[in-house]
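Novice: Structure in C-alpha cells, see below.
Values in this text are rule-based calculations from the coordinates and carry no lab data. Remember, predicted model here, so these are calculated numbers, not experimental data. We place every Cβ from the backbone using ideal geometry, glycine too, and count neighbours over all the protein chains shown.
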Amino acid sequence: RYKDARLAGPSGARQTRPMLDCWNLPLLAPADVTIFGSSTAAVAAAVELRGLGLGVLLVSDRAYLGEESAGALRLEPDAPAGAQDPLHAALDAARREGVLTPAAAKHVLDGAVREAGARLLFLTRPVA
C-alpha cells in the first residue's frame, strides 16, 4: 500500500519516508456519490440522490449541517406555494411549531439525511 519516497531533509540529506500509493487508496465508505459540503443544497442533493437509489456519502467540515443557514443564523425563507421539496416541508413544519431556531434547522437537516439513508462524515476537511 505504501511506497518509499526519497525526500531531501532540512540538512539536504536524503530521507526515506512512506508515501501513499495513489492507485491503491483505502476505501472510506462505499458510495456511488460523495458530496463535500454541509449546506442545505448539499443535504437536498444527498436526499434526492438517495431517492434515486444511489449510495451517498455526505462529507462536512463542520459538526452540523446547514452551514449557510443554521450556522450563520440566516434561515431559509418560507417555501414557495405548492413546493414539493421535503426539506422545505420539514423546515416549514418546524417553523409552524414556533420560531425556527438554528438548532431546529440543524435537527431537521440531520433527520432528513438519516431518514434518506445517506452516510454522514462530520468534522472532515478534504485536502490535497
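Novice: Which peptide among 40-47, 112-119 comes first, and what is the full order, when sorted by highest mean count of other Cβ atoms within 10 Å?
Specialist: Highest to lowest by the protection proxy: 40-47, 112-119.
Novice: Further question on the same structure: If a paramagnetic tag sat 7 Å from the Cα of A63 along the Cα-Cβ line, which residues of the stretch 88-128 would have the backbone N under 11 Å from that point?
Specialist: Hits in the stretch 88-128 for A63 at 11 Å: 123.
Novice: If we sort 100-109, 28-37, 52-61 on the protection proxy, mean other Cβ atoms within 10 Å, highest first, what's the order?
Specialist: In descending order of packing, they fall as 100-109, 52-61, 28-37.
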